[in-house]
Amino acid sequence: MRFTPTANVVLVAVGTALGSPLVTGIAALMMAIGALTSAHPFDRLYNSLLSPLLKSPRLPPSPDRRRFVFAVGAVWLGVTASLFQMGFTATGYIFGGIMAVMIVPLATVHFCPISEPMELIFGPARPRRDQD
């Protein structure tokens, strides 16, 4: 399940490095889709193209906790895109850089700095059974 975080960290890092409200805004929109539906757009890409090609298992629907993390990311990246758009470039770099750094542990060692503390407080996430 590291395809989605890896693709996200690349998208966020590129958008941040370019100081691009468009690219960071697209990343925010993709996170919002992941929060509002059972799968992030990169999950859907993996399931439709890469899973059959690699003969690997499809990614399951996102549990509520993962969707919550996507919602946090959508808001954070929306603010980042707005900062770039309004000319607050240095602050945009800080916000975008923090987001990219927060995604790296998930992409590399499968540790989510937002979800893991939630698990300690609320217990393990339960998978969703619905499909969009």
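Could you tell me the calculated FRET efficiency between Val10 and Met118, based on Cβ-Cβ distance and R0 = 30 angstrom, to the nearest 0.05?
Computed FRET efficiency for Val10 and Met118: 0.75.
Please list, in order along segment 40-50, the HN-Hα scalar couplings obtained from phi with the Karplus expression 6.51 cos²θ - 1.76 cosθ + 1.60 (θ = phi - 60°), rounded to whole Hz, x for Gly and Pro.
Per-residue couplings from phi come out as 5, x, 5, 4, 5, 4, 4, 5, 8, 10, 7 Hz.
If you take P(r) over Cα pairs in 10 Å bins from 0, in percent from the coordinates, which of (i) 13, 42, 33, 11, 1; (ii) 12, 44, 36, 7, 0; (iii) 10, 28, 19, 13, 9, 8, 6, 4, 3, 1 do you get?
Checking each listed value against the structure points to (i).
Hey, can you list the DSSP H helices of the chain whose Cα span along the axis is 15 Å or longer and whose average Kyte-Doolittle score is at least 1.6?
Once both thresholds are applied, what remains is 21-36, 89-109.
Of the listed peptides 94-103, 81-90, 51-60, what is their order by residue-averaged count of other C-beta atoms within 10 Å, with the highest listed first?
94-103, 81-90, 51-60
Along the positive direction of the dipole of the chain (beta-carbon charges: Lys, Arg +1; Asp, Glu -1; about the Cα centre), which of Pro21, Pro117, Gly78 reaches farthest?
So the residue furthest toward the plus end is Pro117.
For the chain, give the magnitude of the charge dipole about the Cα centre (Cβ charges: +1 Lys/Arg, -1 Asp/Glu; no others), in debye to the nearest 20.
340 debye
Using a Förster radius of 22 Å, what is the FRET efficiency between His110 and Leu49 based on their Cβ-Cβ separation? Nearest 0.05, please.
So, using R0 = 22 Å, E works out to roughly 0.50.
Every number here is computed from the coordinates shown, using simple stated rules; none is lab data. Just so you know, these numbers come straight off a predicted model, no measurement behind them. Cβ sites come from the backbone with ideal geometry, for glycine too, and all protein chains shown count toward neighbours.
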